[in-house]
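Down below is the structure, laid out as structure tokens.
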Amino acid sequence: MSSVVATTGNTSKYFAAKTRSAAHTRLFAAAVVPDVIDDDVHTVMEYPETESARKAHLSTKTGRPVTEFQYRVYDACRQIPAGYFSTYKAIADHLGSGPRAVGNALSKNPFAPLPIPCHRVLTSDCYIGGFSGDTKSKIFWKKAKLEKEGVAFDDSGYVLPKHQQSQFFSDFK
């Protein structure tokens, strides 16, 4: 697939000299595996395509209108194919925004798991990150969804090094 960064070594700007975050390692170690893990990657929610439909749509998560910025984030996120992942930073770079703003928008995503697969967005060091605004237990839902799509993780919640570049997506349109 031409939209995936396939570099050798750590030459991609997204992978140069990335070290594991001690905070991420502690977060994953402290996370609690829930009794039930939602690994659904097939349910498709209705996504407003026209400007008028977008303005009229109220988020089922917040009860408020989805903002223009949130739609920009969701439109970028929906480009990430199954079996691949991207990062908050890669989306932020594409939008000319910041990774935290992207994460905030994705934490309010009412269109998951499809057509807006926010579970495919990870931190810059390829850590699982939060999911649905949660870093304590729902990260296991995110991990299960990604594993179902073919992205493999180590025991600390990081994408396996051999998959980090071959399954990384950054070719946003």
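The values are calculated or read from the model by the stated rules, or taken from the named source; none is laboratory data. All figures in this text were calculated on a predicted structure; none of them were measured in a lab. Cβ atoms come from the backbone with ideal geometry, glycine included; neighbour counts cover every protein chain shown. Protein only, heavy atoms only, side chains kept; ligands, DNA and RNA dropped before computing areas. Shrake-Rupley method; radii C 1.70, N 1.55, O 1.52, S 1.80 Å.
Can you tell me how many residues within the range 10-37 are under 13 Å from G129 (Cα atoms), modelled with pLDDT of 80 or more and open to solvent by 90 Å² or more (accessible area, probe 1.4 Å)?
Count: 1.
Count, please, the residues in the range 116-173 that happen to be under 20 Å from A90 (Cα atoms), loosely packed, with under 15 Cβ neighbours inside 10 Å and among the basic types (K, R).
2
Conditions: (1) in a loop (DSSP other than H, G, I, E, B); (2) touching a strand residue (DSSP E or B) at 6+ places or on another chain (Cβ under 9 Å). G103 meets all but one. Number of the miss?
Result: G103 passes all but (1).
Of the residues that make up the range 40-60, is at least one open to solvent by less than 20 Å² (accessible area, probe 1.4 Å), of a type outside the set (G, A, S), at pLDDT 95 or above and part of a helix (DSSP H, G or I)?
Among the residues of the range 40-60, not one is open to solvent by less than 20 Å² (accessible area, probe 1.4 Å), of a type outside the set (G, A, S), at pLDDT 95 or above and part of a helix (DSSP H, G or I), which makes the answer no.
Please give the number of the condition P110 fails out of (1) within 24 Å of E46 (Cα to Cα); (2) assigned to a helix (DSSP H, G or I).
Just one mismatch for P110, condition (2).
Keeping to the range 63-100, report how many residues are in a loop (DSSP other than H, G, I, E, B) and in contact with a Lys or Arg (Cβ under 6 Å, 6 or more places away or on another chain).
Here the count works out to 1.
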